[in-house]
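One structure is given below, encoded as structure tokens.
What follows is calculated from the coordinates using simple rules that are stated; it is not laboratory data. Just so you know, these numbers come straight off a predicted model, no measurement behind them. Cβ: placed from backbone, ideal geometry, glycine included. Neighbour counts: every protein chain shown.
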Amino acid sequence: MKGNKIKIQENTLAYMENMPRLSRISGQINGIKKMIDEGRSCSDILVQLRAVNSAIKAVESNLLFAYINQVILQTDKSEKDRQAVVDNMKTLFDRFRG
């Protein structure tokens with residue numbers, strides 16, 4: 001397996017869980033833009049930005065979990081391919097940690 005070539009397919013749990021979340025995030029961002037246009041307080045805007053950040057992290061975690069599950073299902077690969085998967089997963093964890 002070269003790189004992270006696993007894709008999210010329609011009608012999978014990862015797709016069905018995350019697409020509505022991403023739509024809500026999009027709506028939240030539009031709401032934040034409107035708040036800024038209306039001159040709402042910075043503290044109100046920051047609260048909404050924190051909510052968007054948390055929602056994005058939830059999608060990120062969900063997709064990472066789905067990816068890991070998919071990779072585990074492909075454990076019949078050669079030793080070299082399995083090591084590439086482990087290396088790829090380590091890179092993903094390092095990138096998204098914190």
Exercise. Which whole-Hz ³J(HN,Hα) couplings does segment 37-42 yield from phi under the Karplus relation 6.51 cos²θ - 1.76 cosθ + 1.60, θ = phi - 60°, glycine and proline marked x?
Worked result: 4, 7, x, 5, 5, 4
Problem set entry | Charged-residue dipole, Cβ positions (Lys, Arg, Asp, Glu), segment 13-96 about Cα centre, Debye nearest 20 | 160
Exercise. Out of segment 23-98, which trypsin sites (Lys or Arg not before Pro) are coil in DSSP terms and have no more than 14 other C-beta atoms within 10 Å?
Worked result: Arg40, Lys77, Arg97
Seminar exercise, completed: One finds, for Thr12 and Phe93 with R0 = 22 angstrom and r their Cβ-Cβ distance, a FRET efficiency to the nearest 0.05 of 0.50
For this session: Mind giving me the FRET efficiency for Asn62 and Lys34? R0 is 35 Å, r the Cβ-Cβ distance, nearest 0.05 is fine.
Result: 0.80
